[in-house]
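Some notes on the structure that comes next.
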There are 2 protein chains.
Amino acid sequence: MQLRRHDVLSGAIAILDEYGLGDLTMRRLGAALGVQAGALYWHFPNKQSLLAAITDEMLAPVTVEPAAAAAAAWDERLRTLARRMRDGLLAHRDGAEVATASYAARLASDAPRHAMADAFAEGGLPVQEAAMAARALFSFILGQTMDEQSRMQMDSHGALDPSDSPLFESPSAADYFEYGLGLFTDGVRSRLSGRL
Amino acid sequence: MQLRRHDVLSGAIAILDEYGLGDLTMRRLGAALGVQAGALYWHFPNKQSLLAAITDEMLAPVTVEPAAAAAAAWDERLRTLARRMRDGLLAHRDGAEVATASYAARLASDAPRHAMADAFAEGGLPVQEAAMAARALFSFILGQTMDEQSRMQMDSHGALDPSDSPLFESPSAADYFEYGLGLFTDGVRSRLSGRL
DNA sequence: ACCTGAACACCGTTCAAGT
DNA sequence: ACCTGAACACCGTTCAAGT
């Protein structure tokens, strides 16, 4: 049976989830798929593009906008987008690290950030400002989630202090995220009210 | 003449500035210093620790606090800290990428982020909230600067569109940064006024 | 104490040649 | 069109042995 681009992508995600980014090598992926490493280059021009495809896959839920979310107020809509992004990254081992690398290489889709810019603009921000706010929020989400995920890694197989019960995730990680998110929306709100 | 830890560090920074992170290998660094790659492991346990030392060096200016800055209002002080951090990262090729990797590995100093938390607390935020705000701001700075720097890289030896004159840096990069920064301080201000 | 020499166990990527 | 086999040009890290 012949290998398809999608098989390579889902095989890569499977290795990522089970062994992490450090073990996601072209040779290993080839072996898991029953082909030589070189065969993968028929489907993807290089490893970076493969990682970018993983990123787009992880963040696809951000831009599927059900009618309910679109009808909500701009700040609630932004919260939804931000949470979906965080959830998408947390759903896969080293997800935030993969996404950070992909965006640094400018290979991943801009659709998630554009959706955020649209939400800011809908709130009343001029398009230029909405783009800047979206950029800032996007950076925050990526950085915060990467931080959170690297801490999860350390807790899972490292020296975890028994201060509180870390099941799989630090209990305050979500709080940190929500707080930062609130800071953004409050900042935007104060700019909107200053303009009225 | 014998190699010192500091020589390894400054040699690494020199390679980083001239050739970038991709060319900063232990072998190449050894060659530049006139030793074998293995010799470097006498001074640093691994490459990650070396990169973390570079990060600490780049961000050292953030925590040298002249009296003038300490006397300023909390928001002005935070702007100063944030700008110093961005400047420190931009001062070296791939600086933001090195710092991101170091913080993801949890090897770089927390002093810069603590300085920001202190400034937030001085503004009137409860210590727990100040810590969260500092974390969010720190993520934003790292992400935004990495974005900016990766774009500089593309402009310098890539397809640069002649929309405006990109000398070394996109002209709006600083504006993006200041806008995001303002969003944070406005967000905090709105929370402070809500408490009074 | 500090460094060499040499190895170990890998990488991503390319490409003629096969089917 | 899709993949193999094999190579190219590297990596980070370790460690006995030297000085």
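The values are calculated or read from the model by the stated rules, or taken from the named source; none is laboratory data. For clarity, every value in this text was computed on a predicted model and none was experimentally measured. Here the Cβ positions follow ideal geometry from the backbone for every residue, glycine too, while neighbour counts run over all protein chains shown.
Some notes on this structure:
- Applying the criterion of being assigned to a helix (DSSP H, G or I) and more than 10 Å from DNA strand D (Cβ to nearest atom) to the residues of segment B:20-42, the residue that is nearest to the other protein chains (Cβ to nearest Cβ) is B:ALA32.
- Going through (1) within 16 Å of DNA strand D (Cβ to nearest atom); (2) modelled with pLDDT of 95 or more one by one, B:ASP56 falls short only on (1).
- Of the numbered criteria (1) within 23 Å of A:ARG106 (Cβ to Cβ); (2) part of a loop (DSSP other than H, G, I, E, B), the one A:VAL8 fails is (2).
- Residues of segment B:1-19 satisfying the condition of being within 13 Å of DNA strand D (Cβ to nearest atom) and not aliphatic (A, V, I, L, M): B:GLN2, B:TYR19
- Test: residue in segment B:126-134 that is within 9 Å of chain A (Cβ to nearest Cβ), within 16 Å of B:LEU183 (Cα to Cα), modelled with pLDDT of 95 or more and part of a helix (DSSP H, G or I): yes
- From B:LEU21, B:LEU59, residue being under 16 Å from the mean Cα position of the chain (by Cα), touching a residue at least 12 places away in the same chain (Cβ under 8 Å), within 16 Å of DNA strand C (Cβ to nearest atom) and within 23 Å of B:ASP147 (Cβ to Cβ): B:LEU21
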